[in-house]
1. Could you check the stretch 276-300 and list, in sequence order, the residues that are in a helix (DSSP H, G or I) and small (Gly, Ala, Ser)?
2. Report, ordered by the first and then the second residue, all pairs with beta carbons closer than 6 Å, sequence separation of six or more or different chains, a first member in the stretch 229-254 that is outside the structural domain of Leu158 (by TED's automatic domain parsing), and a second member that is crowded, with 21+ Cβ neighbours inside 10 Å and at pLDDT 95 or above.
3. Counting only residues that are at pLDDT 95 or above, surrounded by fewer than 24 Cβ atoms within 10 Å (Cβ to Cβ) and not in a loop (DSSP other than H, G, I, E, B), how many does the stretch 108-128 have?
4. Quick one: would you say Ser228 is assigned to a helix (DSSP H, G or I), within 30 Å of Val112 (Cα to Cα) and within 16 Å of the ligand (Cβ to nearest atom)?
5. Considering Ala99, Ala91, which residue is part of a loop (DSSP other than H, G, I, E, B), in the same structural domain as Leu45 (by TED's automatic domain parsing) and within 27 Å of Val48 (Cβ to Cβ)?
6. Say we look at the stretch 70-107 and pick out the residues that are β-branched (Val, Ile, Thr) and crowded, with 17+ Cβ neighbours inside 10 Å; which of these is farthest from Pro26 (Cα to Cα)?
7. I want to confirm something. Restricting to the stretch 25-38 and keeping residues that are surrounded by 16 or more Cβ atoms within 10 Å (Cβ to Cβ) and part of a loop (DSSP other than H, G, I, E, B), which single residue is farthest from the ligand (Cβ to nearest atom)?
8. So which residues in the stretch 194-244 are of a type in the set (D, E, K, R) and closer than 18 Å to Ala133 by Cβ?
Amino acid sequence: MKAAIFDRFGVPEEVLQVREVPLPEPGRNQVRLRMLASPINPSDLMTVRGEYGSRPTLPATPGFEGVGVVDKSGGGLLPLLRRLKPGRRVAFSSTAGGAWAEFAIVSARQLVPVPDDIPDEQAASFFVNPASALVMTQYVLKVPPGEWLLQTAAGSALGRMVIRLGKHFGFRTINVVRRREQAEELSRAGADAVICTADESIPQRARALTEGRGVKYAIDPVGGETGSAVIEALGAGGRLLIYGTLSREPIAIDPRLLIVGSKRVEGFWLSEWVREQRVLKMLRLSRTIRDLMRAGILTSEVGATFPLDEVQKAVAQAAQAGRSGKVQLRLG
Ligand SMILES: NC(=O)c1ccc[n+]([C@@H]2O[C@H](COP(=O)([O-])OP(=O)(O)OC[C@H]3O[C@@H](n4cnc5c(N)ncnc54)[C@H](OP(=O)(O)O)[C@@H]3O)[C@@H](O)[C@H]2O)c1
């Protein structure tokens, strides 16, 4: 079978190669999937650069999530219990990566059967962004209806999900973007307020929107100057979740800003949150994601798609500023 492989960390389009490798055999409680599609997420690109929170042993195949069809079960109780028969279409996310290949080995625990009415292109992004958007807003911050949530990189796939979750659960969103044309696009997509960092100040606008109080809830995947400005926009009791490193720059914090009003800045990493949860809670989360995906709330706008052989073009496109939609690999 063919797989995208990197032998050293570096610029993704330079270090990734598509190579012929032996067909892997599933172990007990694992299944082999014939892959259909997998998105190119920022975490995949950071992994190839060696800049992600966990580093794989090399050589490695990237791809933390995707959709495929069960090809072979390795036996054990879990595939039986979860009715993972050959032919069943399933979505998965795996901290081990491996989705950018014609076949992938996945633990039966990490699979979610996909109903027929969810297309491959949506099922491919079933977990990473939908679960993070839902968990940060509803399980961790628990943003109450009517409250403001400020988010940066609001035009990202995850940011757009947060805007739709706001409409669904009744909280209001202040959306920070870096390009004016994206500000207009997000307003049309239901954003309650948009701040464009090209010509506006995050703390000033946030205070104006909240009658001088500042925001109580914020999420930031950018860091650097943008992250520092979000801290300035927090009001008394404000809480900021930092969940990404898009600018690759550190955040500067004036300690007085946190002391006055007892504000909190915390990190959020989905894989660590998941590790703390019980099986039943994860099953309920998967069902909620499925329902919200069907309702068009936790969906991703898909941009360019590429075959596995063109993985270098795909990763170059995914790393471009101002692109529209998630870049996907079509593997099947
Ligand atoms: N911690 C977790 O568990 C977790 C889970 C899921 C996702 N994430 C993180 O969530 C973020 C969004 O992921 P995604 O898949 O939704 O991304 P995406 O669809 O690929 O979009 C990336 C967005 O980030 C913006 N951006 C990139 N660099 C920026 C910078 N330096 N300053 C401001 N904006 C910048 C881009 O803006 P332009 O359109 O202007 O180029 C684009 O809108 C990523 O950082 C990802 O790692 C974290």
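The values are calculated or read from the model by the stated rules, or taken from the named source; none is laboratory data. For clarity, every value in this text was computed on a predicted model and none was experimentally measured. Quick reminder, even Gly has a Cβ in these numbers, built from the backbone with ideal geometry, and neighbours come from all protein chains shown.
1. First pass over the stretch 276-300, keeping only residues in a helix (DSSP H, G or I): 279-294.
Residue satisfying the conditions is Ser286 alone.
2. Taking only residues 6 or more apart or on different chains, not a single pair turns up.
3. 4
4. On the way: assigned to a helix (DSSP H, G or I): yes; within 30 Å of Val112 (Cα to Cα): no; within 16 Å of the ligand (Cβ to nearest atom): yes.
So Ser228 does not fit the description; no.
5. Values: Ala91 fails: part of a loop (DSSP other than H, G, I, E, B).
Only one candidate qualifies: Ala99.
6. Restricting attention to the stretch 70-107, the residues satisfying the condition of being β-branched (Val, Ile, Thr) are 70, 90, 95, 105-106.
Now restrict to residues that are crowded, with 17+ Cβ neighbours inside 10 Å: 70, 90, 105-106.
Working: Val70: 11, Val90: 16, Ile105: 6, Val106: 8 Å.
Here the residue is Val90.
7. Step one: filter the stretch 25-38 for residues surrounded by 16 or more Cβ atoms within 10 Å (Cβ to Cβ), giving 26, 29-38.
From what is left, the residues that are part of a loop (DSSP other than H, G, I, E, B) are 26, 29.
Details: Pro26: 27, Asn29: 25 Å.
Across the stretch 25-38, the extreme among qualifying residues is Pro26.
8. Start the filter on the stretch 194-244 by keeping residues that are of a type in the set (D, E, K, R), which leaves 199-200, 205, 207, 211, 213, 216, 220, 225, 232, 239.
Residues satisfying the conditions are Asp220, Arg239.
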